[in-house]
Amino acid sequence: MSGMRIDFELCDGCGLCVDACPFEGVVLEGEYPRFTAACRLCSICIDACPRGALSLETAEEIPADDLDRYRGVMVVAELSGGGMDPVTAELIGEGRRLADDLGEDLSVAVMGWGVEDAALECSRYGPDRVFLIEDPALEFFRPEPYTDALEGLAGEILPSVLLMAGTPVGRSLAPRLAVRLRTGLTADCTSLEVDGDGNLLQTRPAFGGDIMATILTSRHRPQMATVRPRVMPPAPRGEAQAEPERREFRPASTYRSRVLEVRATPSAATVADADVVVAAGRGVRRAEDLEMLRRLANALGGVVGCSRPLVEAGWLPSTMQVGLSGRTVRPRLYIACGVSGAIQHVAGMRGADRIIAINRDENAPIFDVAHYALVGDIYEIIPEVLDLLEERGEAGGI
Amino acid sequence: MIAIEITVLIKQVPLTGEVEVDPETGNLVREGVASQTNPYDLHALEAALQIRERLGGTVTALSMGPPQAEATLREAYSMGADRGILLSDRAFAGADTLATAYTLSRALERIPFDLVLAGMQTTDGDTAQVGPGVAEFFGMPHASYVAEILDVAPGGVRVLVDAGDREAEMLLSTPALLTLTRRANGPRLPSFKLRLATADREVQTWTLADLEGDAGGDIAGQRYFGLDGSPTWVDRIFPPPANPERETWRGDAGELARRLVEALEGWRYL
Ligand SMILES: Cc1cc2nc3c(=O)[nH]c(=O)nc-3n(C[C@H](O)[C@H](O)[C@H](O)COP(=O)(O)OP(=O)(O)OC[C@H]3O[C@@H](n4cnc5c(N)ncnc54)[C@H](O)[C@@H]3O)c2cc1C
Ligand SMILES: Nc1ncnc2c1ncn2[C@@H]1O[C@H](COP(=O)(O)O)[C@@H](O)[C@H]1O
């Protein structure tokens, strides 16, 4: 079994490992540290030990997949309403760059029923190959037949990297496929690179805190990752190049799930559509106080978005949440009001053209991404701004 | 009544915003490790309790984690769960979502159930991968992002799936796994009375030995639990990069407001 090892010759019981551990995975017992079941083998304590007394011992070498057989990048197309969803162009753009860095091919997998046009559309974004799997069993998304279909294709093509969308469909399908293929899957990557050995460096926020982690799947293939919509820039649309290649898929005789009906969700505007976003954070003390931000947003022709705690408090609908588990926005103007700038929030708005942040705390991390950092109190500044706008007649009548 | 056996997957997570990286050293800084039950999982537990109240049956709460995760199962007791099982062993440490799903699915083989309910995602991992992974290891159908359980009957369950801009009504035959969104219900608060009443009730701890049994696993020569069973590993952690081109404005509120309005005007928003 893999585990942390302590060299008791070197250890002087200083306890720095205990302080460094974020998980209470190591405790001092008498003079010496002991690892508990809470240890996540994250290795942070190894770096913290001044005497080099700690090490991570890995068990017998795990036989790696035959890595060289896997080549190229495959993108699983996301469709909506039978057509190509915009996130697919973003995945293709990212896939293209990775494939070029690897010096290998980029392919796109399109699955569904009556989706040939969507496959043709995908080929306009520049993949080397497009695979088309059409079957009535794939008419509506169901995890099991989609997993079967992709397993077959991945088994034939043996891609080294497999990218999927971090959408409700992708987040339901990808983990099932990863288990089927017994490989690793990294969710919601915000940056992807390849190293000289063909390993995918998958970077995402981690530990639920303000930390980025780079994650590797170095012994298994394909290296699977999901990317949220609007996180990566889309590939440019051009002339269709690759002719869709059809692939057979033999569905199981029965699947244990059935789609009875699909309908559009009663459509609500989302924060992702707005050109100007005034974002409310926990600096806003009461739901009523959102009104002042609404007036500012109205004057600027924008909407009020928010950080997650405000959605959790029920002050605004989840369609207005900005961030990794909300929407990614790329407005021309983003005014963060009383938002601390947690990494999950920033991941959803750092692409805005112009970012203004108002925060009382001059060390708030939001200022690290802001172009204009206003150190001050929103309860003092915003009313003044509204007064000035009113004088100019801008906020009049609101 | 037709009894429906339900197992709920619940996880203890750190309270968010407690972990930071020291920008100088790159090390994690911790300020206490207060923890809570993953809020999404409370919706799964609530759904299970509501089904039991209507149809009868038992609700088992299953968690993998360190010994202190027992607190989460105690919380489940004080909301009304009948049975709590904690999978805890140093061999489970360092598990990524694949190894976690594997471990949970091995435990499920020892717990009779019609339905498994999970949260839509955790607030620490935030991957939404463990539920579907468990379903695949176990070999049962699943639906993620269930916003409403419309109907439960022996042999099948009908649900409303929230897929963002679309919603779908689906029928799954049981055993099946569902992951629930926060739209599904409003979790009840733990009850003091139940807490007292269940104070003596045991939370079973299952270790590697309890799960290995007939194991050997399905890929020869490979261990599936914990770090050894995890294809992904963290190569490095670092604080997010800062933006060097920034103007900082200080001053009294009136002055800041005036500069802001002037700037907005200059950029032609007004
Ligand atoms: C897996 C995961 C996913 C997440 N996804 C998201 C997500 O998608 N979106 C998201 O936003 N969060 C998300 N979060 C939560 C995130 O980590 C933070 O907890 C959250 O963004 C903090 O919100 P906040 O900035 O509004 O509140 P706080 O962190 O409490 O910050 C409030 C800020 O307001 C300032 N302030 C207070 N009063 C005033 C005043 N009068 N004037 C000016 N400034 C004031 C304070 O100085 C502080 O900086 C996620 C967390 C996890 C673990
Ligand atoms: N260690 C665990 N023990 C029990 N359930 C878990 C565990 N990890 C994840 N889950 C379940 O899987 C869901 C999704 O988790 P995640 O994939 O981490 O976002 C959670 O809401 C839980 O229901």
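The figures follow:
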quantity	calculated
Residue in segment A:200-222 that is more than 7 Å from every other protein chain (Cβ to nearest Cβ) and among the acidic types (Asp, Glu) present	no
Segment B:157-206: number of residues that are within 16 Å of ligand 2 (Cβ to nearest atom), modelled with pLDDT under 95 and open to solvent by less than 50 Å² (accessible area, probe 1.4 Å)	5
Tally, over segment B:128-155, of residues that are open to solvent by less than 20 Å² (accessible area, probe 1.4 Å) and either small (Gly, Ala, Ser) or closer than 20 Å to B:Ile10 by Cα (or both)	14
Yes/no for B:Leu172 being away from ligand 1 (no atom under 16 Å from the Cβ) and touching a residue at least 60 places away in the same chain (Cβ under 8 Å)	no
Hey, A:Gly196 exposed (fewer than 15 other Cβ atoms within 10 Å of the Cβ) and either of a type in the set (Lys, Arg) or free of Cβ contacts under 8 Å to residues at least 60 places away in the same chain (or both) or not	yes
Which listed residue, of A:Arg360, A:Arg354, A:Arg330, is within 10 Å of chain B (Cβ to nearest Cβ) and either at pLDDT below 95 or more than 16 Å from ligand 2 (Cβ to nearest atom) (or both)	A:Arg354
Strands (runs of 3 or more DSSP E) contained entirely in segment A:127-234, each with at least 1 residues that are under 17 Å from A:Asp85 (Cα atoms)	A:129-134, A:161-165, A:223-227
Helices (runs of 4 or more DSSP H) contained entirely in segment B:26-118, each with at least 3 residues that are within 21 Å of B:Leu194 (Cα to Cα) and open to solvent by less than 10 Å² (accessible area, probe 1.4 Å)	B:39-55, B:70-79
Selection status of A:Ala272, part of a helix (DSSP H, G or I), over 25 Å from B:Ala128 (Cα atoms) and either away from ligand 2 (no atom under 16 Å from the Cβ) or open to solvent by 20 Å² or more (accessible area, probe 1.4 Å) (or both)	no
Residues that are touching a Phe, Trp or Tyr at 6+ places or on another chain (Cβ under 9 Å), of a type in the set (Val, Ile, Thr) and within 16 Å of ligand 1 (Cβ to nearest atom), drawn from segment B:101-148	B:Thr122, B:Thr123
Lone qualifier among A:Val311, A:Val284, A:Val304 - being within 23 Å of A:Asp361 (Cα to Cα), open to solvent by less than 50 Å² (accessible area, probe 1.4 Å) and modelled with pLDDT under 95	A:Val311
Single condition A:Leu374 does not satisfy, out of (1) touching a Gly at 6+ places or on another chain (Cβ under 8 Å); (2) facing chain B (nearest Cβ under 8 Å)	(1)
Counted residues, segment B:230-262 - those being farther than 26 Å from A:Thr190 by Cβ and more than 7 Å from chain A (Cβ to nearest Cβ)	5
Wholly enclosed strands (runs of 3 or more DSSP E) of segment A:1-115 bearing at least 3 residues open to solvent by 30 Å² or more (accessible area, probe 1.4 Å), aromatic (Phe, Trp, Tyr) and at pLDDT below 85	none
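The values are calculated or read from the model by the stated rules, or taken from the named source; none is laboratory data. Just so you know, these numbers come straight off a predicted model, no measurement behind them. All Cβ positions, glycine included, derive from the backbone under ideal geometry; neighbour counts span all protein chains shown. Ligands, DNA and RNA are stripped out before the accessible areas are found, and what is left, the full protein with its side chains, is counted by its heavy atoms. Shrake-Rupley method; radii C 1.70, N 1.55, O 1.52, S 1.80 Å.
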